Amino acid sequence: MSNETLQELFGLAGLRAVVTGGASGIGKGIARRLAEAGAEVAVCDLNAEGAAAVARELGGFGVRSMSVGGSDVSDETSVAAMIAEVREELGAIDILVNNAGIYPTGPVAEMDVADWDRVMAVNLRGPLLCMRETVKVMRAKGKGGAILNVSSIDSMHPSFVGMSHYGASKGGLNMLTRSAALEFAPDQITVNAICPGGVETEGTQEAFGDGLKEQLELRIPLGRVSTPDEIGGVSLFLVSPAARYITGATLVVDGGYLIS
Ligand SMILES: NC(=O)c1ccc[n+]([C@@H]2O[C@H](COP(=O)([O-])OP(=O)(O)OC[C@H]3O[C@@H](n4cnc5c(N)ncnc54)[C@H](O)[C@@H]3O)[C@@H](O)[C@H]2O)c1
């Protein structure tokens with residue numbers, strides 16, 4: 001029996017986290033929960049104003065927070081600068097949440113190569129670059145770490161027609177998660193993925209408003225889409241010390257959608 005308290009197992013006091021795409025939706029929900037659990041959080045996003053606003057809000061939890069605005073996860077130089085800035089200001093990085101992602105539509109038969117490449121660049125190359133840069137910082141400290149990749153149920157099943165690039169990028173992310181988990185295990189750095197089903201966010205607002213939400217909910221056994229806060233809670237568990245023996249896992253968080 002361990003002597004760790006529940007607070008130590010599920011809390012993040014003294015840990016430093018990076019959340020990409022943290023200005024909005026699921027990323028904001030995750031950043032809030034991590035800060036509430038005691039982590040110092042760097043909110044990174046293309047949207048500088050939004051990232052700064054979320055970072056200010058996190059201060060309300062009594063933790064140090066910062067934002068890196070204008071950082072593009074698909075861009076090598078931008079990611080290197082982002083991680084260097086976080087390391088400089090927070091001193092170290094213990095947790096990385098790769099959440100930034102885009103989900104445009106476009107049928108296979110009419111796929112624009114630039115659209116395909118952009119989805120792959122943000123959703124798949126982005127997590128790769130962020131892991132590559134962050135792991136250097138984690139290894140230098142030698143205290144392990146936790147990486148969480150925000151994938152999607154679309155990595156396993158096409159939820160809607162016309163999202164082949166999105167599904168392929170997230171399927172790739174699941175495999176990237178497993179490969180990275182294997183490579184980083186000797187450093188006690190875990191790498192896991194969550195696959196949310198429908199979540200009501202700024203990004204899905206418009207599509208959900210067009211009746212998509214009701215259409216989805218008909219197929220969800222729990223009868224409703226999820227919230228960023230719910231995804232935040234599951235994410236908190238996967239980056240907490242309580243989950244330190246979980247690596248290479250892909251956790252579906254979809255209200256039962258995939259079993260229906
Ligand atoms: N909302 C859902 O139903 C749902 C379901 C499954 C998975 N997801 C995944 O969750 C993640 C977040 O989705 P959301 O619905 O909260 O989206 P959202 O559009 O509300 O927020 C995404 C955030 O990422 C930022 N971003 C976009 N491209 C970026 C880039 N290149 N570099 C840095 N930041 C960038 C945006 O500025 C925005 O703040 C995505 O990876 C998405 O694929 C969402």
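Every number here is computed from the coordinates shown, using simple stated rules; none is lab data. These numbers come from a predicted model, not from an experiment. Glycine gets a Cβ as well: all are built from the backbone with ideal geometry, and neighbour counts include every protein chain shown.
For LEU90, the test of being closer than 25 Å to VAL253 by Cβ, among the aliphatic types (A, V, I, L, M) and away from the ligand (no atom under 13 Å from the Cβ) is failed. The residue list ALA35, ALA13 contains one member that is surrounded by 21 or more Cβ atoms within 10 Å (Cβ to Cβ) and away from the ligand (no atom under 16 Å from the Cβ), which is ALA35. Picking from residues in the stretch 149-166 that are more than 11 Å from the ligand (Cβ to nearest atom) and not in a loop (DSSP other than H, G, I, E, B), the one that is nearest to the chain's Cα centre (by Cα) is HIS165. Residues of the stretch 174-201 that are over 21 Å from SER24 (Cα atoms), hydrophobic (A, V, I, L, M, F, W, C) and either in contact (Cβ under 8 Å) with a residue 24 or more places away in the chain or in contact with a Phe, Trp or Tyr (Cβ under 8 Å, 6 or more places away or on another chain) (or both): LEU176, ALA180, ALA181, LEU182, PHE184, ALA185, ILE189, VAL191.
Filtering the stretch 38-56 to residues that are in a loop (DSSP other than H, G, I, E, B) and more than 9 Å from the ligand (Cβ to nearest atom) leaves GLY38, ALA39. Taken over the stretch 179-198, the criterion of being within 15 Å of the ligand (Cβ to nearest atom) and either assigned to a strand (DSSP E or B) or among the acidic types (Asp, Glu) (or both) is satisfied by ASN192, ALA193, ILE194, CYS195, PRO196.
Output yes when any residue across the stretch 240-253 is under 23 Å from ALA23 (Cα atoms) and near the ligand (Cβ under 10 Å from one of its atoms), and no when none is. Yes; the residues of the stretch 240-253 include at least one that is under 23 Å from ALA23 (Cα atoms) and near the ligand (Cβ under 10 Å from one of its atoms).
In the stretch 59-70, which residues are part of a loop (DSSP other than H, G, I, E, B) and either buried (at least 24 other Cβ atoms within 10 Å of the Cβ) or among the aliphatic types (A, V, I, L, M) (or both)?
Listed by number, the list holds a single entry, VAL63.
Looking only at the stretch 202-222, how many residues end up being acidic (Asp, Glu) and within 20 Å of VAL252 (Cβ to Cβ)?
Selection size over the stretch 202-222: 1.
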